[in-house]
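Structure first, then comments.
The values are calculated or read from the model by the stated rules, or taken from the named source; none is laboratory data. Model, not experiment: these values are computed from the prediction. Reconstructed Cβ throughout: ideal geometry from the backbone, glycine too, with neighbour counts over all protein chains shown. Note: areas computed on protein heavy atoms with side chains; ligands, DNA, RNA excluded. Shrake-Rupley method; radii C 1.70, N 1.55, O 1.52, S 1.80 Å.
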Amino acid sequence: MAEEKTIKDKNILNEEIKSLKGKANRLRKKVLEMAVNAGAGHVAPSFSCMEILVSLYYGGILRVNGKDHNWPDRDRFILSKGHAAPALYAILADLGFFPKSDLDGFAKNGNRLGCHPENSTPGVEAFTGSLGHGLSIGAGLALGAKLDKKGYSTVVLMGDGECHEGSVWEAAMFAAQYKLNNLIAIVDHNGLSATGILEQYLSVSPLQNKWEAFGWDAISVQGHSFAELLHVLRVNAKQKRSKPLAIIALTTKGKGVSFMENSPIWHYRVPIGEQLDIARRELNQESEDLQ
Amino acid sequence: MSHWTAGMRDSFFQSLYEEAKKNRNIILITSDTGAICHDEFKEKIPYQYINVGIAEQNMIGIASGLAQTGKIVYVYAIVPFATMRCYEQIRVDLCCMNLPVSIVGIGAGLDYSTLGATHHGTEDIALMRSLPNMEIYSPADGLMADLLARQYDNQSGPRYIRLDREGLPLVYEEESEFDLSRGFSVLSKSKQLYIVATGRMVYSALQVAKKLSSQSIEVGVIDLFRIKPMNKEGLWGVVKDAKCLVTLEEHFVTGGIGTAISELIAVQKKTPSFKVIGIPDQFCEIYGDRNDLQKLYNLDVSSISKSIKIWLKNI
């Protein structure tokens, strides 16, 4: 019986993962078209964290409600690497936080959605874009929840280059001191920043050891693997931990489009012409492969 | 004798402590900066007192997060650390998000005289003034500081409160003598010359007025305690018919209340003759107590009176 249940669970998970892969693929295509339409936006950084965002929003991790975005007991999510706003916006629109048609005006004249998130947008908790802010704000939210004996969690998604900011480590010390076990930091560890490869000019390695040394539980996962992401996030939800949790998600910047992958020049570049054709073709091919 | 006679800093925090005892949502955060009554916070209401360590950037972010959960947050540090070290956090986490957090800076102007330029509060008004959504309060004495600590109910966005450690003797005897919502108070009237002063320089301005009146120069004194938003219309209504207008502050002349008022009068058709008195645009490299440094910069009562007299003769 136990074996049958395990097989059944595995099949359910496989189906779920297949569905989430399809979601991530559709969202990547949406992000690409938003950026192409605007001639602006960080495509490769959005692709880097797509599976993380999809796991959080569609994997049953974040308790949020698009129809009641100010629900007091909602989980709080802060996109501290604010330049991945197109990915977040595509998801929030998909979940009904605001009309999908708003995405058509992304970063265009008069629209409220720009290249970095602003908290006036339904579903956005913090005004980010300047790096190194989100973890402190998240720690404040997490402490507020504890003071009010509220059960919601706070999740902060950061970039690995963002970990250059000293304020990240001020917040890390604070969260450990206050035993903010209702706080999760996810580091999108793609190894690249706006202009280069971190290891070549200012290494952040070893990230997992750094978070552990700062008093956090830390775990590394493959950041494009739904199986690994969902496992660690779901185990965390059930576990009673005494420390905040850092998830180091090993990712590929530009994931999903071959010429963008691991190439720093695509940090803030929107493909045009032949490259756009290739990007579309590759994402469409992935759609077909997932059928 | 009321507690505010202890001075500006202690009256503010004693008053805040009394409020915090009644309201669990009030949270005081410091970046390892002390005041006598902080011990009472630590002992009696420890969950409402946070020392984030020497980490001002994090202090502002934590305040932002807590404010979003409905907490009434006060952050506290020496002026340059409360305003400059974390300026971009103030800009984004508090002002862009327009959250009701009070930044309390201790050591206005040359208050921390002997600690040197690193600890002087000489640019804070300029910095805070340039941020949208930010309000700036610069109380003249402990009585006003006391009231500011108790007035948070209607606060919708961030505010900066610039305090002196001492701030004695008092400028006011009763709270009814000033109206916080008006933004300034006219302590004495004149058709000849007004001094618009802020913080502890209000007391100095009153002494200057006394000194000059004995020499037949009639001086009106205005306490500009809310620097932003400035009640421009109200202020202009008072000073427009005076022949001369002087601003007085313990702050660099660049960007302080002198600049703020010059922006006000620059767009008027007919304006009083105008003089800005403050700290010159240079870092202080000389040590001494506050009186010594005020004399160095001609900000003592005698020097101010003299410079106004010379100026009046030449206009």
So in chain A, what percent of DSSP beta bridges are antiparallel if you round to the nearest 5?
5
Can you run phi through the Karplus equation (6.51, -1.76, 1.60; θ = phi - 60°) for segment A:92-98 and list ³J(HN,Hα) in whole Hz, with x for Gly and Pro?
4, 5, 4, 8, x, 5, 8
Provide the convex hull volume over Cα atoms per residue for chain B, in Å³.
126
Place a point 7 Å from the Cα of residue A:268 in the direction of its beta carbon; the residues of segment A:92-136 whose amide N falls under 13 Å from it are A:115-116, A:129-131
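Greater than 28 Å separation of Cα atoms is the criterion. Which listed pairs, A:5/A:238; B:44/B:228; A:30/A:243; A:150/B:22, meet it?
Pairs exceeding the cut-off: B:44/B:228; A:30/A:243.
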In Å², rounded to a whole number, the accessible area per residue of segment B:1-86 with probe 1.4 Å is 37
Residues in segment A:235-252 near a label at residue A:209, defined as backbone nitrogen under 20 Å from the 7 Å Cα→Cβ point?
A:246-251
So how far apart, in nm, are the two label points at residue B:307 and residue B:117 if each is 7 Å from Cα heading toward Cβ?
1.9
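I'd like the antiparallel share, as a percent to the nearest 5, of DSSP beta bridges with both residues in segment B:148-241.
Rounded to the nearest five, the antiparallel share is 45 percent.
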Positive end of the charge dipole of segment B:3-163 (Lys, Arg +1 and Asp, Glu -1 on Cβ, about the Cα centre): tell me which of B:61, B:86, B:116 has its Cα farthest that way.
B:61
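Cα gyration tensor of the protein assembly as shown, axes a ≥ b ≥ c as square roots of the eigenvalues: rounded (a/c below 1.5), prolate (a/b > b/c) or oblate?
prolate
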Any idea what % of Cα-Cα pairs in chain A are farther than 27 Å?
38
In Å², what does the accessible area per residue of segment A:2-290 work out to with a 1.4 Å probe?
42
For segment B:178-313, report the convex hull volume of the alpha-carbon atoms normalised per residue, in Å³, without decimals.
106
For segment A:145-242, shape from the Cα gyration tensor axes a ≥ b ≥ c, cut at a/c of 1.5 then a/b versus b/c, turns out oblate
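Estimate the FRET efficiency between residue B:165 and residue A:68 by the formula 1/(1 + (r/R0)^6), using the beta-carbon distance for r and 45 Å for R0, to the nearest 0.05. Intermediate values should be presented prior to the final figure.
Details: r = 48 Å, r/R0 = 1.06.
The calculated FRET efficiency here is 0.40.
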What does the convex hull of the Cα atoms come to per residue for segment A:251-291, in Å³?
64
So, with points 7 Å from each Cα along the Cβ direction, the residue B:240-residue B:130 label distance in nm works out to 3.1
Return the calculated 222 nm mean residue ellipticity for chain B, to the nearest 500 deg cm²/dmol, obtained by summing -39500 (n - 2.57) across DSSP H runs with n ≥ 4 and dividing by the residue count.
-9500 deg cm²/dmol
I'd like to know how segment B:103-150 sits against the 2.2 N^0.38 Å rule of thumb: what's its Cα Rg over that expected value?
1.26
Using a Cα-Cα cut-off of under 13 Å, which aspartates and glutamates could be cross-linked to residue B:211, ignoring same-chain neighbours fewer than 8 residues away?
B:300
Using Cα centres only, tell me the gap between segment B:112-188 and segment A:211-255 in whole Å.
46
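Let me know the longest stretch in chain A that avoids all chymotrypsin sites (Phe, Trp or Tyr not before Pro) found in a DSSP loop with at most 16 other C-beta atoms within 10 Å. Don't jump to the answer; show the numbers that get you there.
On the way: sites that count: A:259, A:268.
Within chain A, the longest run free of exposed chymotrypsin sites (Phe, Trp or Tyr not before Pro) spans A:1-258.
Go through segment A:82-146 and name the trypsin sites (Lys or Arg not before Pro) that are in a DSSP coil and have 14 or fewer other Cβ atoms within 10 Å of their Cβ.
Taking segment A:82-146 and a limit of 14 other Cβ atoms within 10 Å, the loop trypsin sites (Lys or Arg not before Pro) found are A:108, A:112.
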Segment B:93-177: which GluC sites (Glu not before Pro) are DSSP loop and have at most 16 other beta-carbon atoms within 10 angstrom?
B:166, B:173, B:174
For segment B:230-300, run through the GluC sites (Glu not before Pro) and keep only the ones in DSSP coil with at most 10 other Cβ atoms within 10 Å of their Cβ.
B:285
Enumerate the aspartates and glutamates that residue B:243 could reach by cross-link, defined here as Cα to Cα under 13 Å, with residues fewer than 8 away along the same chain left out.
B:218
Partner aspartates and glutamates for residue A:108 [C-alpha distance under 17 Å; skip if fewer than 8 residues away on the same chain]:
A:33, A:118
Please give the contour-minus-distance gain from residue A:104 to residue A:202: 0.36 nm per residue of separation, less the Cα-Cα distance, rounded to one decimal in nm.
31.5 nm
For segment A:1-68, compute the orientation-averaged projected area of the C-alpha convex hull (one quarter of its surface), in nm².
6.3
Under the classification rounded if a/c is under 1.5, otherwise prolate if a/b is larger than b/c and oblate if not, where does segment B:3-163 fall, given a ≥ b ≥ c as square roots of the Cα gyration tensor eigenvalues?
rounded
Summarise the accessible area of segment B:178-313 (1.4 Å probe, protein heavy atoms) by the percent that is carbon and sulfur.
49
Given +1 on the Cβ of Lys and Arg, -1 on the Cβ of Asp and Glu, and no further charges, what dipole in debye does segment B:29-144 carry about its Cα centre, rounded to the nearest 20?
240
